[in-house]
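Read-outs: derived from the displayed coordinates by stated rules, not from any lab. The model shown is predicted, which means the values in this text are computed figures rather than measured ones. A quick note on method: Cβ atoms are made from the backbone with ideal geometry, for glycine too, and the neighbour counts reach across all protein chains shown.
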Amino acid sequence: MKAFISLDVEGLPGVSSLTMLNPWSSQFDRTVRIATKMVNTIIDELSSNGFSEIVVADSHGLMTNLDYCEIKGNAKIVQGYPRPLSMVTTLDSSFNASLFIGYHSAAGTIHGILDHTMSSRTFSEVRINGIRASEFLLNGLYSSENNVPVVLVAGDEYLEREVSSFSPGTVFVPLKKGVSRLSAIMPSFDVILNQLKLGVREAVEGLRERKIGLINIGRPYVVEAVFRDSLIADVVEQYDRFQRLDAYTVRFVAENARELIGLVELLAIVGYGVDALKNAIK
């Protein structure tokens, strides 16, 4: 049995401040400890339940949020950014299950803790076939197109409704609940780790009993990307692939989830570039 873990951090317990999100942030070391402890807990539980190969894709920011020296067991770690397919790098049809840990609600979610989709700097909202999309949906579509069910999602409670709507049978483990964009309420870490162990066991049982299906919202994917800065739309509208809808929004069509993720990530990088350009103008 082979499992793929995609790790984000905004949905992790104990992470509720911008001071915890980047290597240069004052409290980032706390995030690393939390993330590493949670991943090790999941690795132990998966290994005890028949998984002989586990790949962990470190998937937030610069994608170096795990303490490599502290990772246990038989796991392989994917780290570093940028990279193809972003949060689901190396996920393919050879896996039996995927698990999304530390995930958060979509950009535009009221009270969602640190809510965003792919890039808080670039997008105010991303819609796929008219659906406001989270990173769970983007990555879940890719996993499903590779015939790999998303067996467990753990993160902000505001994401649970989306998970249950598009992936019935997927086990959801709430790690905290947003009070505002920069505040959340959460149980103690001991409680969280115990709930996570139980969630993994339930997810493995659901996988074995074929209770967890694949995500399908219909293809092709018609995507509307709403930017935070109209200058990003000014830059990308010159390419025929992107249709300008208004000052802040472009539309494009993707035939599959690989193409979808690639184009959203491309727009995110353009957004970073536009922001850097503006900051460089003195």
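If Lys and Arg each add +1 and Asp and Glu each add -1, what is the summed charge of the other residues whose beta carbon sits under 10 Å from the beta carbon of A257? Neighbourhood net charge equals -1.
Summing +1 for each Lys or Arg and -1 for each Asp or Glu among the other residues whose beta-carbon sits under 12 angstrom from that of A268 gives -1. Between S183 and L18, the contour length at 0.36 nm per residue exceeds the Cα-Cα span by 58.4 nm. Under 5 Å from the amide H of S124 lie the amide H atoms of V226, F227, R228, each residue being 5 or more positions distant or on a separate chain, with H modelled from the backbone and absent for Pro and chain starts. Mind checking which lysines have their C-alpha under 18 Å from K176, skipping anything on the same chain fewer than 8 residues away? The qualifying lysines are K37, K197.
Between D44 and T64, the simple spin-label model (points 7 angstrom out along Cα→Cβ) gives 2.8 nm. Fully extending the segment from D29 to K76 would add 14.8 nm, taking 0.36 nm per residue of separation and subtracting the current Cα-Cα distance.
What is the list of residues in the range 246-268 whose amide nitrogen lies under 13 Å from a point 7 angstrom out from the Cα of K278, following Cα to Cβ? Label zone hits: 248. With Cβ to Cβ distances under 12 Å as the rule, what net charge do the other residues near F242 carry (K, R +1; D, E -1)? Result for the local shell: -1. Scanning the chain for GluC sites (Glu not before Pro) that sit in a DSSP loop and have at most 16 other Cβ atoms within 10 Å, the longest stretch containing none of them is 1-208. Rounded to the nearest 20, the size of the Cβ-charge dipole of the range 221-280 about its Cα centre is 60 debye, with Lys and Arg at +1 and Asp and Glu at -1.
Report the extension gain between E209 and R258 in nm, rounded to one decimal, defined as 0.36 nm multiplied by the number of residues separating them, less their alpha carbon distance.
Additional length available on full extension: 14.8 nm.
When chymotrypsin sites (Phe, Trp or Tyr not before Pro) are flagged only if DSSP places them in a loop and at most 15 other Cβ atoms lie within 10 Å, the longest unflagged stretch of the chain comes out as 25-238. Using θ = phi - 60° in the Karplus curve 6.51 cos²θ - 1.76 cosθ + 1.60, the 3J(HN,Hα) couplings for the range 219-227 round to 10, x, 8, 9, 10, 10, 9, 9, 8 Hz; x is entered for Gly and Pro.
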